[in-house]
Amino acid sequence: MFEYIERNRKILEELRGLELICGELIGQSDNQGEVNTRVLQAGEFHSNVMGRKYHIAVKRGELCQPTLISGEIAIVQLIWNHLPELRGELPAFFLYSQALQGVVTEDFTEGGKNDIWQTRPHEVPRGLAETLLRKPDDKELPTVGFMIQREDGALVRRLGDFNTVRFYLLQGGNALADEFLEIMGKLYKNQAWYVF
């Protein structure tokens, strides 16, 4: 039930010893014309847990606080548990750094090499809305995903912004709401699992 969280915790230990420094702006999102989240490059590292190199991004903004991040990680765990076909689209890690004051996650642009844009409604993963939301036609759902044009020309989809899903699950009335709250509670009590 907590496989993603356990892996996340192991990657946290790998990152704990690195000196991460925020660099170039690689993305931002806004709400009614005001920027509320900025995404910055923060280097790269080789993960022994995953057996490969990853580029690191830091997301900063009003929604990037430890108590809110526990909800986003709980969403990732729910997707991992109930939509195993989407596991490869989830960020390899999703953590919070007190020193950097933001979310530390996988940089889907790979250091700015890849073009990236928000998914359009027809690109949203099948089953995501029906499984996690009471409103499967929600217009905000495309904000969960990103389309990435890699240097080699490949077009891939990744998932990385889970605020919309958390909002609906917290309203209740969803079959997975209880599981979500259980996972979130576990994380909230054990912030050392995702905060460094």
**Message:** For the condition surrounded by 16 or more Cβ atoms within 10 Å (Cβ to Cβ), among the β-branched types (Val, Ile, Thr) and at pLDDT 80 or above, what is the one hit in Thr143, Thr105, Thr164, Thr131?
**Reply:** Thr105
**Prompt:** What single numbered condition from (1) assigned to a helix (DSSP H, G or I); (2) out of contact with any strand residue (DSSP E or B) (no Cβ under 9 Å at 6 or more places or on another chain) fails to hold for Ile73?
**Reply:** (2)
**Request:** Scan Leu90, Leu83, Leu100, Leu12 and give me the residue that is within 27 Å of Gly185 (Cβ to Cβ) and out of contact with any strand residue (DSSP E or B) (no Cβ under 7 Å at 6 or more places or on another chain).
**Result:** Leu83
**Item:** Among (1) under 14 Å from the mean Cα position of the chain (by Cα); (2) modelled with pLDDT of 95 or more; (3) surrounded by fewer than 16 Cβ atoms within 10 Å (Cβ to Cβ), the one test that Phe94 misses
**Value:** (3)
**Prompt:** Considering Leu40, Leu78, which residue is closer than 23 Å to Arg157 by Cα, buried (at least 19 other Cβ atoms within 10 Å of the Cβ) and out of contact with any strand residue (DSSP E or B) (no Cβ under 7 Å at 6 or more places or on another chain)?
**Reply:** Leu78
**Per-region count, segment 77-120, residues in contact with an Asp or Glu (Cβ under 9 Å, 6 or more places away or on another chain) and in a helix (DSSP H, G or I)** = 6
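Okay, residues lined up against (1) over 16 Å from Ala74 (Cβ atoms); (2) at pLDDT below 75:
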position: Ile148; (1), (2): yes, no
position: Glu151; (1), (2): yes, no
position: Arg157; (1), (2): yes, no
position: Tyr168; (1), (2): no, yes
position: Leu176; (1), (2): no, no
**Request:** Examine segment 9-28 for a residue that is of a type outside the set (D, E, K, R) and under 12 Å from the mean Cα position of the chain (by Cα), and state whether such a residue exists.
**Result:** no
**Request:** Please list, ordered by first then second residue, the pairs with beta carbon atoms under 6 Å, 6 or more apart or interchain, first in segment 173-196 and outside any helix (DSSP H, G or I), second charged (D, E, K, R).
**Result:** Gly173/Arg134; Asn174/Arg134; Phe196/Arg16
**Message:** Against the definition (among the charged types (D, E, K, R) and touching a residue at least 60 places away in the same chain (Cβ under 8 Å)), how does Asp107 come out, yes or no?
**Reply:** yes
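The values are calculated or read from the model by the stated rules, or taken from the named source; none is laboratory data. None of these values were measured; they are calculated from a predicted model. Cβ: placed from backbone, ideal geometry, glycine included. Neighbour counts: every protein chain shown.
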